[in-house]
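The next block holds one structure in the form of structure tokens; read it before the comments.
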Amino acid sequence: MSELSVQHLLGIKYINEKDIQLIFETADHFKEVINRSIKKVPSLRDITIANIFFENSTRTRLSFELAEKRLSADVINFSAGQSSVKKGETLIDTVNNILSMKVDMVVMRHPNPGAGIFLSKHVKAAIVNAGDGAHEHPTQALLDSFSIREKLGDVAGKKIVIVGDILHSRVALSNIFALRLQGAQVKVCGPKTLIPKHIESLGVEVETNLRKALNWCDVANMLRIQNERLDISYFPTTREYTQQFGVNKAFLDSLDKEIVIMHPGPINRGVEITSDVADSKQSIILNQVENGVAIRMAVIYLLASKIK
């Protein structure tokens, strides 16, 4: 059996194209499993996984937990809000205390970029990065690419535009890495204040006109404005942002071709996209949610097979 080139999933930056294809092939298998009447497999019966979230999360956390339970792993959920972290306990102490309970894998979300990398050097467990600050969110990028592959047959050669708050988005960065690795063309679109200065060095183009961007692309990945990360005002008002960079059904129907709409969630309905776009036949948002469980099952399964 093929195996991943890495012991941890810390970011798309650290894996290669073969790793991505192996994860997708494994996810294809697990997608069949989760659509059966009996949705569990006994693959990880002797593995214990701790979900450690230092930031709020609903969808990602539930998706990981469901993936782990579908694989029959033992699961510990840890939320920093109700823990000794509030009393000043360090990250390494927190995780080591959890690992002393004989945990094999840690799925961690943390507000600081690089927290997963730091942890991987100090603890004996496989680490899955479930989002580190505005840095990376690798499983989201994998499920996004997997959803494009499912819808359009392949990612290579496809034109993808990522629209919105690129500056604060770990989803955007991981998606750029993943899409470029697979041979897609990528553009980013949004207010100039929300586009990182040297983004072109990642091999992407910047387009500030939304209509031009959408007429060019096969797929538009619409990101939400990360209000929790906006320490200053990057645009005058939400209404003005929506007028320039929001998509409604009339706008979608007026394009030169039919494009695919994606969104990593949670959606600010009426801001980046309207409800009639989110719920339209061009949207694959619910497919992304379903594929998230299969992708996370694949990642956990493949990393668990490397635990000695």
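Observations
- Sole exception among (1) part of a helix (DSSP H, G or I); (2) surrounded by 13 or more Cβ atoms within 10 Å (Cβ to Cβ); (3) among the acidic types (Asp, Glu) for Glu32, by number: (2)
- Count of residues meeting criterion [part of a helix (DSSP H, G or I) and either buried (at least 24 other Cβ atoms within 10 Å of the Cβ) or modelled with pLDDT of 95 or more (or both)] in the range 171-202: 15
- Any hit, the range 75-84, residues being in a loop (DSSP other than H, G, I, E, B) and crowded, with 20+ Cβ neighbours inside 10 Å: no
- Residues considered: Ile92, Ile160. Of these, the only one that is under 19 Å from the mean Cα position of the chain (by Cα) and not charged (D, E, K, R) is Ile160.
- Test result for Ala50, crowded, with 17+ Cβ neighbours inside 10 Å, modelled with pLDDT of 90 or more and under 18 Å from the mean Cα position of the chain (by Cα): no
- Counted residues, the range 38-59 - those being out of contact with any Lys or Arg (no Cβ under 7 Å at 6 or more places or on another chain), among the hydroxyl-bearing types (Ser, Thr, Tyr) and closer than 24 Å to Asn96 by Cβ: 0
- So Leu143, is it within 13 Å of the chain's Cα centre (by Cα), under 24 Å from Ser305 (Cα atoms) and assigned to a helix (DSSP H, G or I): yes
- Some residue of the range 52-65 being within 22 Å of Ile307 (Cβ to Cβ), in contact (Cβ under 8 Å) with a residue 12 or more places away in the chain and assigned to a strand (DSSP E or B): yes
- Of the listed requirements (1) modelled with pLDDT of 90 or more; (2) surrounded by fewer than 17 Cβ atoms within 10 Å (Cβ to Cβ); (3) more than 22 Å from the chain's Cα centre (by Cα), Leu62 misses just one: (3).
- Of all residues in the range 273-295, exactly one satisfies the criterion of being in a loop (DSSP other than H, G, I, E, B) and within 18 Å of the chain's Cα centre (by Cα), namely Ile284.
- Sole exception among (1) over 16 Å from Asp132 (Cα atoms); (2) modelled with pLDDT of 95 or more; (3) of a type in the set (Ser, Thr, Tyr) for Ser37, by number: (2)
- Qualifying residue in the range 234-247 (condition: in the same structural domain as Ile162 (by TED's automatic domain parsing), on the phi < 0 side of the Ramachandran plot, among the β-branched types (Val, Ile, Thr) and in contact with a helix residue (DSSP H, G or I) (Cβ under 7 Å, 6 or more places away or on another chain)): yes
The values are calculated or read from the model by the stated rules, or taken from the named source; none is laboratory data. Fair warning: this is a prediction, and the values are worked out from it, not measured in the lab. Every residue, glycine among them, receives a Cβ derived from its backbone with ideal geometry; neighbour counts consider all protein chains shown.
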